[in-house]
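Below is one structure, written out as C-alpha cells; the observations come after it.
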Amino acid sequence: MSPAVPAVSPMPSFRRVGPRWMTVFTLAWLAIWTVQLTPVQLLLPLQLDTAEDDWISGVISSGFVLGIGGLAGIVAGPVAGALSDRARVGRRRRRPWAIGGVLVTAVFLIVTGFSEGPWAVGAAWVGVSIGVSVSSAAFTALIADQLPTTQRGAAAAAVGSSQAVGIVLGVGLVVLLGLGIRDGYLLLAAVIAAVGTAAALLLPDPPALVRTQPGKSDRRLLASLRDRDFAWMLSGRLVTNIGNALGTALFLFFLLHGLHQETTVAQDNLLLLIVVYTLFVVLASVFTGVLSDRTGNRRTLTILATFVQAASGIVIALVPTFEATMFAAALMGLGYGAFSTVGLAFAADLLPDEKDHARDLGIVYVTAALGQLIGPVLGAGLVALVGGFWLVFVVAAVLSLVGGGLTALARQPARDPLPQP
C-alpha cells in the first residue's frame, strides 16, 4: 500500500451536523433515487418491451433511451455545479439549483408517462435526466460545503443506502398498488416535487461570501483533471459504475427473455430481487461508511468492494437460474453498497480545490451518470451479439475488477484533524 500523502488543499474546519440535517439530506436522496431508478428498472422496460419474437429490439430501444439520458446528465451536472459555485456574493449557491432541478424532473416524468415510441420516450427522458443531474449536483455539493471529513462517510452512506431503498420504494409502490405505466410516472412526479422541494428549503445554504471568477475557475478545472489521484479515482469510479449498470439495467429483460418468465411473474420476481439487493446495499453502506470514518482508509474498502461486485456477475454467468440470481443480487448489493458509499467519501477527500466543491463533485457524479449511459448501450450490444445475456454479466465482472485496479492507483490522503466541538 502506498504511504499516506497529502492530496488535497487545506480544508476549512466544519462543525458536526446533527440528526436533523442527516435526516433531511437522506430524504432528498431517497426521492432522487426513487424517481430515477424506478423507470430504469421497471417503467421504461415495460414501456419499450416488444413482442416475444423480436424482444432484442426492445432491449436495444431501452439501451438507446437510457444512453441519451445519461449523455444529457453528464453535461448538465458539472455545468449546474460550476454555475452554482459562481453565485454572486450574498446569493444562495445550492438551493435555487436544487429546487429548479426537482421541478424540471417532475415535469418531464409526466411527459415521459404520456410519450409513446423510443424517440418520444427518449426525448422526454433527456429532460428527466437533466433535472436529476442538476438537483443531484446541488445536494452532493453540501457534503463538501458543510461536513467535516469525519461525517462524510455517514453522508455518503445516506446517499448509497437511499439509492437501494429508493428502488424498492418505487418499484414496490408501482407493483403492489397495481399501477399502470402512466400512473407510475405521475406518482413519481408528485414524490420528487414534494419531497425534493421541501428538502431543498429545509437544508441550510449560507449565502456566498466570495464570487468565483470564471477564468480562474476554468484554470482550476484543468488543474483538477490533471491531479493524479483525483484522475485515477474518477477513472476507477467510471469503470466500476459501467460494470454495475451492465449487471442491473437489464434485469427485467433478463427475467423475461433470459429466464423466460411471464410478465407478471417477472415483475414480482424483479421486486424480490430488488428487496434482496437493497437489504445488502443498506447493510454495506452503513457498516462501511462508519468504518471508513473511523479508520480513514477509504481506498482499501473501495477496492475490496469492486471484487465483491465482480463476483456477482460471475455467479449469474455460470449458473443462470433465478436462485443463483438471488444470491448474485445479494453480492451485488454488498459490493455496490460499499463502493458507492466509501467511494463517494473518498472522492470528497480528494477534491483538489475547496473553491469548486460543486463543480468537482458534479464531475464525480458524472462518472456514475456516464456509467448509466455506457452500461445499457454496451449491454444491448452484447445481447444482440450473442443472442443472450451471459456475456453481459462476464463483461460486468471484468469491468468491476478493472475499476478496482484503477482506484488502487489513487493515493489515500492524510486525514484532516478532528473539528472543534
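Every number in this text was worked out from the coordinates using simple rules, so none of it is lab data. Because the structure is predicted, anything quoted here is derived from the model rather than measured. Reconstructed Cβ throughout: ideal geometry from the backbone, glycine too, with neighbour counts over all protein chains shown.
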A correct fewest-to-most ranking of ASP49, ASP293, ASP268, ASP349 by other Cβ atoms within 10 Å would be ASP268, ASP49, ASP293, ASP349
In percent, what relative contact order does segment 19-408 have, based on Cα pairs under 8 Å that are 6 or more apart in sequence?
-> 29 percent
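Near VAL175, within a Cβ-to-Cβ distance under 13 Å, what is the net charge of the other residues, with Lys and Arg +1 and Asp and Glu -1?
-2
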What is the packing order of peptides 176-182, 401-407, 119-125, 59-65, taking the mean over residues of other C-beta atoms within 10 Å and listing the highest first?
-> 59-65, 401-407, 119-125, 176-182
Determine the gain in length on full extension of the stretch GLU262-LEU202; use 0.36 nm per residue of separation and subtract their C-alpha separation, reporting nm with one decimal.
-> 17.1 nm
Over segment 308-348, what relative contact order in percent results from Cα pairs under 8 Å that are six or more residues apart?
-> 46 percent
So if we plug the beta-carbon distance of ARG228 and ASN297 into 1/(1 + (r/R0)^6) with R0 = 25 Å, what FRET efficiency do we get, rounded to 0.05?
-> 0.85
